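S.K.: What follows is a single structure, and I will ask about it in a moment.
Read-outs throughout are calculated quantities, based only on the coordinates presented, and are distinct from any laboratory measurement. Quick caveat, the model's predicted, so the values are computed rather than measured. As a convention, Cβ positions derive from the backbone with ideal geometry for all residues, glycine included, and neighbour counts pool all protein chains shown.
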Amino acid sequence: MHERTGRVIYFDHAATSWPKPPATTAAMVEYAERIGGSPGRSGHHLSLAAGRVILEAREALAALFGIGDALRVVFTKNATEALNIVLLGLLRPGDHVLASGMEHNSVMRPLRHLENQGVSLTIVPCDGAGLLDPDDVRRAVEPRSRLLVVTHASNVTGTIQPVSALGCIAREHGLLLCVDAAQTAGALPIDVEKMGIDLLAFSGHKSLFGPQGTGGLYIREDLEGLIRPLMFGGTGSRSEHEAQPEFLPDRYESGTPNTIGIAGLGAGAGFVLAEGVDRIRRREEELTARFLAGAASLPGIKVFGPPGTAGRTAVVSFQIDDVAPSTAALTLDEEFGILCRPGLHCSPAAHRTIGTFPRGTIRFGFGYFNRDQEVDQALTAIRAIAGR
Ligand SMILES: Cc1ncc(COP(=O)(O)O)c(C=O)c1O
């Protein structure tokens, strides 16, 4: 809390969104106080009510991502778990995988682990603004290539990758396309069919306005036979069998789920559907444009990533002269009540691509509920820090 104003300016939506819409909290309280049962397990009316909460959340997410069958949405605890299911479950020694030079460590670390197990990896470089050229991807495909994994938008620069073009390349070459939508689910339009996405990993706690501990994975039909689950166990279904169910979502949802979190996620996704992704996107673009225009006139400020707002989400990385990003972020927090994230943002590859490794940047991630005035206050604060 800022000691003079009594409020904070929250620009860390790229890490996790806050505050959540009231509907998210209300759905969690409703579950905690009035439902409480274990979904798909016991058969009494509170267990059935819990099952309905989960199904409604699946349906909201399916509607948001153009998924025809909601049962193909698997709940996970975050995007990282969803990405691990795909990468560790699908790739075998001898396979080749392609990824971009802007990947988060939630992709890079499983891939580096798999490299040690005999999977080969090509990182297709991006330009200085973090953009991937689909022709470079096409040229990097090998006969043993099995998967292309790419972040939909960078958590460092906001750079939006040409996913539909990548979907076409994947289809042409018989690859699977896995999209890391941690930064874009709820913030940009996503249609898995139209964009040719086979596997979509998403966070529930960022632009979908769910609580932390939620995320998910869409798996296109017929792929579950290829993807070994990370976890095996009770699903409440087919209890007579000791073998893991082969059908979705149960194949990848062992153990009692995070029902209270999924209740919140379902309400968050419902909020996004009701507001409309296009409207949310327009508002976030306005905030980003306001910041970019203001930052352009500040001496000593260097902004990274695409020049305008069209090719980026509401994420902006910048440096202030020779002020260390961690020092700047601390000053923004302690003196101005502005909350952001400095450093490498779990994405050393992206920082190498844009030339900010190992120093890192200050990252502002704007959100739908931010106000113009907050952006203006931040610009004033940055000017003051730069002028010291
Ligand atoms: C691009 C990207 N991928 C993956 C992740 C991991 O998401 P989660 O925290 O939901 O596991 C993040 C979160 O910061 C991200 O920004």
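S.K.: Name the long-range amide H neighbours of Ile9: under 5 Å, sequence gap of 5 or more, or other chain; modelled H, no Pro or chain starts.
M.R.: The answer is Ile338, Leu339.
S.K.: Then there's this: In whole Å, what are the extents of region 1-101 along the principal axes defined by its C-alpha atoms, from largest to smallest?
M.R.: That gives 58, 48, 24 Å along the principal axes, largest extent first.
S.K.: Over region 154-227, what lengths in whole Å, largest first, do the semi-axes of the equivalent ellipsoid take, defined as the square roots of 5 times the eigenvalues of the alpha-carbon gyration tensor?
M.R.: Over the Cα atoms of region 154-227, the semi-axes work out to 22, 16, 9 Å.
S.K.: Under the Karplus relation 6.51 cos²θ - 1.76 cosθ + 1.60, θ = phi - 60°, what is the ordered set of whole-Hz ³J(HN,Hα) values for region 207-213, x standing for Gly and Pro?
M.R.: My calculation for region 207-213 gives 6, 8, 6, x, x, 5, x Hz in order.
S.K.: How about Lys20: which lysines have a C-alpha closer than 29 Å to its C-alpha, ignoring those fewer than 8 places off in the same chain?
M.R.: Lys77, Lys206
S.K.: Compute the projected area of the convex hull of the Cα atoms of region 200-274, averaged over all viewing directions, and report it in nm² to one decimal place.
M.R.: About 5.6 nm², averaged over all directions.
S.K.: I need the phi-derived Karplus couplings for region 309-320: 6.51 cos²θ - 1.76 cosθ + 1.60, θ = phi - 60°, integer Hz, Gly and Pro marked x.
M.R.: So the J values, rounded to whole Hz, are 9, 4, x, 9, 7, 7, 10, 10, 9, 8, 10, 10.
S.K.: Tell me, what is the Rg over Rh of region 312-388, with Rh the Kirkwood radius over Cα pairs?
M.R.: In region 312-388, Rg relative to Rh is 0.96.
S.K.: Scan region 313-387 for trypsin sites (Lys or Arg not before Pro) in coil per DSSP, keeping those whose Cβ has at most 12 other Cβ atoms within 10 Å, and list them by number.
M.R.: Filter output for region 313-387: Arg371.
S.K.: Then there is this: Using Cα atoms only, what is the angle between the long axis of helix 45-65 and the major principal axis of the chain, expressed in degrees (0 to 90) to the nearest 10?
M.R.: Approximately 60 degrees, to the nearest ten.
S.K.: How compact is region 22-275 by the rule of thumb for globular proteins, expressed as Cα Rg over 2.2 N^0.38 Å?
M.R.: Its radius of gyration relative to the 2.2 N^0.38 Å reference: 1.01.
S.K.: Amide H neighbours of Val74 under 5 Å, counting only residues 5+ apart in sequence or on other chains, H built in-plane at 1.01 Å?
M.R.: Placed amide hydrogens put Leu217, Tyr218, Ile219 under 5 Å from Val74.
S.K.: Taking the alpha carbon gyration tensor of region 103-189, what are the square roots of 5 times its eigenvalues, largest first, to the nearest whole Å?
M.R.: Equivalent-ellipsoid dimensions as semi-axes: 20, 16, 12 Å.
S.K.: Among DSSP beta bridges whose residues both lie in region 22-275, state the antiparallel percentage, nearest 5.
M.R.: Roughly 35 percent of the DSSP beta bridges within region 22-275 come out antiparallel.
S.K.: Hey, another quick one. Looking at region 1-109, which trypsin sites (Lys or Arg not before Pro) are DSSP coil and have at most 10 other C-beta atoms within 10 Å of their C-beta?
M.R.: Filter output for region 1-109: Arg4, Arg7.
S.K.: Ok, one more. Per residue of region 154-164, in order, report the coupling 6.51 cos²θ - 1.76 cosθ + 1.60 (Karplus, θ = phi - 60°) as ³J(HN,Hα) in whole Hz, putting x for Gly and Pro.
M.R.: 5, 7, 9, 10, x, 3, 8, 8, x, 4, 4
S.K.: Select from region 172-280 those GluC sites (Glu not before Pro) which occupy a DSSP coil region and have at most 14 other Cβ atoms within 10 Å, ordered by residue number.
M.R.: Those that pass, being in a loop and sparsely packed, are Glu221, Glu240, Glu242, Glu246.
S.K.: For region 290-353, how big is the tail of P(r) above 14 Å, as a whole percent of Cα pairs?
M.R.: In whole percent, the long-distance tail amounts to 65.
S.K.: At a 10 angstrom cut-off on C-beta neighbours, averaged per residue, how do the peptides 123-131, 43-51, 257-265 rank from highest to lowest?
M.R.: The most tightly packed comes first, giving 257-265, 123-131, 43-51.
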